[in-house]
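Here the structure is laid out as structure tokens; the discussion comes afterwards.
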Amino acid sequence: MNIKNYIESIPDFPKKGIMFRDITPILAHPEAMRYVTGQIVEFAKKVDANLIVAPEARGFFFGTPAAIEANIGFAPVRKPGKLPRETMSVTYELEYGEDELQMHVDAIHEGDRVLIVDDLLATGGTVDAIVRLVESRKAKVVGIAFVIELDDLKGREKFKDIPVLALTHYEGE
């Protein structure tokens, strides 16, 4: 399946000069959603993951159904103040400033084999922060899966020792 047929390119969103890759059409087409989910499930099995971790909100779209289909756990990563129990936090650098992510402290256990799932790999900053959260719990990131990789931003280079799955690629567009 050519997954690009289900991705809309929106120029100048959210600001001028940005080409936004909208994955929501995948959600509207069950055949595309089944394809994406199936690819992530195969990858989860290949890397022997026992837990999927995904950031809000677009990572949830693909991580949750893949976890269900693979019969493994799912743990959400959210912005501060969104999770009700005790959390752990990580801050990370943005282009202008920094941001923070949180996860329940009991979401990951020592020895877990974690697959991180998100919609898009650009510079890799968000996923790098999630890797640090996972590793702080003495768990291992065994793979990272994305629907889209923006090759020219070279985010993959942050994860030299971690297998990466990207279902489609864009460069300089």
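Bear in mind that the values in this text are calculations on the coordinates, not laboratory data. Treat the numbers as computed from the prediction; the structure is a model and nothing was measured. Every residue, glycine among them, receives a Cβ derived from its backbone with ideal geometry; neighbour counts consider all protein chains shown.
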- How much mean residue ellipticity at 222 nm does the chain get from its helices, if each DSSP H run of length 4 or more adds -39500 (n - 2.57) and you divide by all residues, to the nearest 500 deg cm²/dmol? -8500 deg cm²/dmol
- Take 60, 13, 43 and order them by how many other Cβ atoms sit within 10 Å, fewest up front. 13, 60, 43
- Compare 66, 49, 122 in a GNM of the chain, Cα atoms joined below 10 Å, and give the one with the largest fluctuation. 122
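Using +1 on the beta carbon of Lys and Arg, -1 on that of Asp and Glu, and nothing else charged, what's the dipole of the stretch 53-110 about the Cα centre, debye to 20?
Dipole about the Cα centre, nearest 20: 300 debye.
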- residue 56 versus residue 123, label points 7 Å from Cα toward the beta carbon: distance in nm? 2.2
- Note on the structure: The ³J(HN,Hα) series, computed from each phi in the stretch 103-111 with the Karplus coefficients 6.51, -1.76 and 1.60 at θ = phi - 60°, rounded to the nearest Hz and given as x for glycine or proline, is 8, 4, 5, 8, 6, 10, 10, 3, x
- Item | Karplus-derived HN-Hα couplings along the stretch 76-93 (A = 6.51, B = -1.76, C = 1.60, θ = phi - 60°), whole Hz, x at Gly and Pro | x, 10, 9, 6, x, x, 9, 10, x, 9, 4, 10, 10, 10, 9, 9, 8, 7
- Message: Sort 86, 100 by Cβ crowding within 10 Å, fewest neighbours at the top.
- Response: 86, 100
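Please give the per residue volume of the convex hull enclosing the alpha carbon atoms of the chain, rounded to a whole number of Å³.
Each residue corresponds to 117 Å³ of Cα convex hull volume.
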- Can you give the direction-averaged projected area of the convex hull of the alpha-carbon atoms in the stretch 1-73, in nm²? 5.5
- Note on the structure: Among 111, 159, 123, the residue whose Cα sits farthest towards the positive end of the charge dipole of the chain (+1 at Cβ of Lys and Arg, -1 at Cβ of Asp and Glu, taken about the Cα centre) is 111
- Would you kindly derive the ³J(HN,Hα) couplings of the stretch 123-140 from the backbone phi angles with the Karplus curve 6.51 cos²θ - 1.76 cosθ + 1.60 (θ = phi - 60°), listing them in order in whole Hz, with x for Gly and Pro? 7, x, x, 5, 5, 4, 5, 5, 4, 5, 4, 4, 5, 5, 9, 6, 9, 10
- Message: For the chain, what is the number of Lys pairs with C-alpha distance below 18 angstrom, counting only pairs 8 or more positions apart or on separate chains?
- Response: 5
- Query: Measuring from centroid to centroid over Cα atoms, what is the spacing of the stretch 93-124 and the stretch 10-88 in Å?
  - Reply: 12
